[in-house]
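The values are calculated or read from the model by the stated rules, or taken from the named source; none is laboratory data. Owing to the predicted nature of the structure, the values given are computational and were not obtained by experimental measurement. Every residue, glycine as well, gets a Cβ built from its backbone with ideal geometry; the counts of neighbours run over all protein chains shown.
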Amino acid sequence: MNLQLAAFPKPMTTLFIYSPAEGHTFPHHPENPSRGLAIQTVFEREGLFADLLVLPPTAATDAQLLRTHHAHLVEVVHGVSRRGGGRLDADTYATAESYDLARIAVGSACSAVDYIVTGQADNGFVVARPPGHHAEYKSVGGFCLFNNVAAAARQAQRVHKLQRVMILDFDVHHGNGTQDIFYHDNTVLFISLHQYGHYFYPGTGAANEIGRDKGAGFNLNVPLPPQVGNAGYDFIFRDLILPRARAFQPELILISAGYDAHWADPLASAALSLRGYATLSQQLVEMADELCNGRILFVLEGGYLLDALAYGVLNSTYALLKRDTMKDPLGEFEESETDVQPLLATLHKLHLIK
């Protein structure tokens, strides 16, 4: 008698790479090792590490760095670290260890892509410092030395031959570095949701910055007024992001995950709550399931209120694990939220989204 074994779906595998970069620190600077350590503390308290494929951090190769940065920029950062550290611009610093730690942040994002694209993991989160989305092809900026998520996109394309990669940046600040690197590229769809104004760092990310040459139409900025809140972000996802992603049909989705759009973050006023972040993360995971076999990687960017950051990363990781779980010690934004529909009407016309 022949018995046929039932086919059970394999369990979800969510990878996690953690590099708090304790040697990358500067007195009184908001981007410091306490950010990573806060995330570690909350994950340990919730017992979440046991449910993750925890991988060691990996340093980037020269080739991985030079796919997205000019050799002169790499040498400048290296030189400042060799001299013991110092300021690279008004906001961005390096220590004697920063060059090596920045290479680890880049390499870890690339390694995570390798695992996800080859099927060794379903999805993942890289919590590595320093962050990256303000680092342009030829310049550092905004606390960022090298662009981790951009290097991850090129890893997917150059090593694994993917044709279409989508990067969504939900940090409250515009991902000007990522935009700069892919502005002429139609193989990377870059979408940035950010608070916008000439008063607000970095001052870029206007709606009419849509890409150039072959890249025209593949750079979608969503320049938000203050206090958009949960309802606004949810409407933007359903009305704008999901239709554009469906039209693009990505083979991999990368998330520049900044948690500084939280209503209590000291550097912005976007009015998103932890519940809003959890909903957005769940929507992005569902979108990846629909469009690219669940292949999605979150890469940490900003977030400077430690509880909002740590619980934001926790809730995004629950979403990656397909758990309907959300923890919020901070509560909801209690003021009125800004209507985003006039902005969306403008963006629909610019990008011909139906």
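Output the residues belonging to region 268-285 that are buried (at least 19 other Cβ atoms within 10 Å of the Cβ) and not small (Gly, Ala, Ser).
If the condition is that a residue be buried (at least 19 other Cβ atoms within 10 Å of the Cβ) and not small (Gly, Ala, Ser), then LEU272, LEU274, TYR277, THR279, LEU280, GLN282, LEU284, VAL285 are the ones that fit.
Are there any strands (runs of 3 or more DSSP E) wholly within region 9-98 with 2 or more residues that are in contact (Cβ under 8 Å) with a residue 12 or more places away in the chain, and if so which? Lay out the reasoning, then the answer.
Numbers: elements: 14-19, 53-55, 85-87, 93-95.
Strands (runs of 3 or more DSSP E) meeting the threshold: 14-19, 53-55, 93-95.
Any residue at all in region 230-247 that's more than 24 Å from THR338 (Cα to Cα) and either part of a loop (DSSP other than H, G, I, E, B) or aliphatic (A, V, I, L, M) (or both)? Outline the logic, then answer.
So in region 230-247, the residues more than 24 Å from THR338 (Cα to Cα) come out as 245-247.
Those left that are additionally either part of a loop (DSSP other than H, G, I, E, B) or aliphatic (A, V, I, L, M) (or both): 245, 247.
The answer is yes, given that some residue of region 230-247 is more than 24 Å from THR338 (Cα to Cα) and either part of a loop (DSSP other than H, G, I, E, B) or aliphatic (A, V, I, L, M) (or both).
Only residues that are touching a Cys at 6+ places or on another chain (Cβ under 9 Å) and either assigned to a strand (DSSP E or B) or free of Cβ contacts under 8 Å to residues at least 12 places away in the same chain (or both): list them for region 248-274, please. It would help to see each step written out before you state the result.
Within region 248-274, the first condition is being touching a Cys at 6+ places or on another chain (Cβ under 9 Å), and the residues that meet it are 249-253.
Result: LEU252, ILE253.
So for region 113-125 (the condition being under 30 Å from PRO329 (Cα atoms), touching a strand residue (DSSP E or B) at 6+ places or on another chain (Cβ under 6 Å), assigned to a helix (DSSP H, G or I) and touching a residue at least 12 places away in the same chain (Cβ under 8 Å)), does at least one residue qualify? Let's see the steps before the verdict.
We begin by selecting, within region 113-125, every residue under 30 Å from PRO329 (Cα atoms); these are 122-125.
Applying the additional criterion that residues be touching a strand residue (DSSP E or B) at 6+ places or on another chain (Cβ under 6 Å) yields 123-125.
Of the ones still in play, those that are also assigned to a helix (DSSP H, G or I) are none.
The answer is no, given that none of the residues of region 113-125 is under 30 Å from PRO329 (Cα atoms), touching a strand residue (DSSP E or B) at 6+ places or on another chain (Cβ under 6 Å), assigned to a helix (DSSP H, G or I) and touching a residue at least 12 places away in the same chain (Cβ under 8 Å).
Every residue in region 314-349 that is in contact with a strand residue (DSSP E or B) (Cβ under 8 Å, 6 or more places away or on another chain) and hydrophobic (A, V, I, L, M, F, W, C), please.
LEU320, LEU321, LEU330, PHE333, VAL340, LEU343, LEU347
Does region 74-108 hold any residues that are over 16 Å from GLN64 (Cβ atoms) and of a type in the set (A, V, I, L, M), and which are they?
VAL76, VAL80, LEU88, ALA90, ALA94, ALA96
Could you please give the count of residues in region 283-296 that are over 12 Å from GLU251 (Cα atoms) and not acidic (Asp, Glu)? Lay out the reasoning, then the answer.
Our first condition is that a residue be over 12 Å from GLU251 (Cα atoms); within region 283-296, this holds for 283-286.
Next, only the ones that are not acidic (Asp, Glu) stay: 283-285.
So the count comes out to 3.
Looking only at region 183-222, which residues are more than 16 Å from the chain's Cα centre (by Cα) and touching a residue at least 40 places away in the same chain (Cβ under 8 Å)?
PHE200, TYR201, PRO202, ALA207, ASN208, ILE210, GLY217
Which residue pairs have Cβ atoms under 8 Å apart, sit 6 or more places apart or on different chains, and have a first residue in region 223-234 that is within 20 Å of PRO266 (Cα to Cα) and a second that is among the basic types (Lys, Arg) and assigned to a helix (DSSP H, G or I)?
Going by the 8 Å Cβ cut-off, the qualifying pairs are ASN230/ARG275.
Is one or more of the residues making up region 284-300 modelled with pLDDT under 95, outside any helix (DSSP H, G or I) and among the charged types (D, E, K, R)?
Just the residues of region 284-300 that are modelled with pLDDT under 95, to begin with: none.
Looking for residues that are modelled with pLDDT under 95, outside any helix (DSSP H, G or I) and among the charged types (D, E, K, R), one finds none in region 284-300, hence no.
Between a residue in region 308-320 that is of a type in the set (Ser, Thr, Tyr) and any residue that is surrounded by fewer than 24 Cβ atoms within 10 Å (Cβ to Cβ) and assigned to a helix (DSSP H, G or I), which pairs come within a Cβ distance under 7 Å, given they are 6 or more apart or on different chains?
Close Cβ pairs satisfying both conditions: TYR311/VAL42.
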